[in-house]
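Everything below concerns the one structure shown next.
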Amino acid sequence: MPIRSTAPMYTLTSLGKRGDKMEAWKLLANCAGDLCQIVTCAVLLIRPLREWIMGTRALREGQRCLLRSEIVRIYYRHGKDKHLQEYAYRNLEHCYRAYKALGGNSFVDHIYEEMQDWEII
């Protein structure tokens, strides 16, 4: 046996006839709150499902690995001289920004911070 609510059920058309504007605003506020909850749940579920279905998680990890490898390569290639050419520095900046946007860890942060003190020629 279904449970029946004792609270009156309002619709916008019945409220217009009764002239109860405050109840109409309460109904709209409740609907807006429910809609926000639904949208929040959908947003939280869509990204993991999309990554699982399309396999983009492996692609992200692969891109992050390649970027980390490039940053480390630049570090060891120019580490002895402690200077970078302009194009290598620009490449380092682009790789670092992309790496951090993909959720890279602090290992590369230490290398990047050290290379910031190097001379750019």
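The values are calculated or read from the model by the stated rules, or taken from the named source; none is laboratory data. Since the structure is predicted, the reported quantities are computational estimates derived from the model, not experimental observations. Neighbour counts run over all protein chains shown; Cβ positions are idealised from the backbone, glycine included.
Annotation: of all residues in region 81-121 being surrounded by 13 or more Cβ atoms within 10 Å (Cβ to Cβ) and of a type in the set (Phe, Trp, Tyr), the one that is farthest from Glu70 (Cα to Cα) is Trp118.
Comparison of Leu67, Leu49 shows that the only residue that is outside the structural domain of His110 (by TED's automatic domain parsing) and either of a type outside the set (Gly, Ala, Ser) or touching a Pro at 6+ places or on another chain (Cβ under 9 Å) (or both) is Leu49.
A single entry from Ala88, Ala98 fulfils the requirement of being modelled with pLDDT of 90 or more and either among the polar types (S, T, N, Q) or within 21 Å of Glu119 (Cβ to Cβ) (or both): Ala88.
Residues in region 68-121 that are small (Gly, Ala, Ser), assigned to a loop (DSSP other than H, G, I, E, B) and in contact (Cβ under 8 Å) with a residue 12 or more places away in the chain: Gly103, Gly104.
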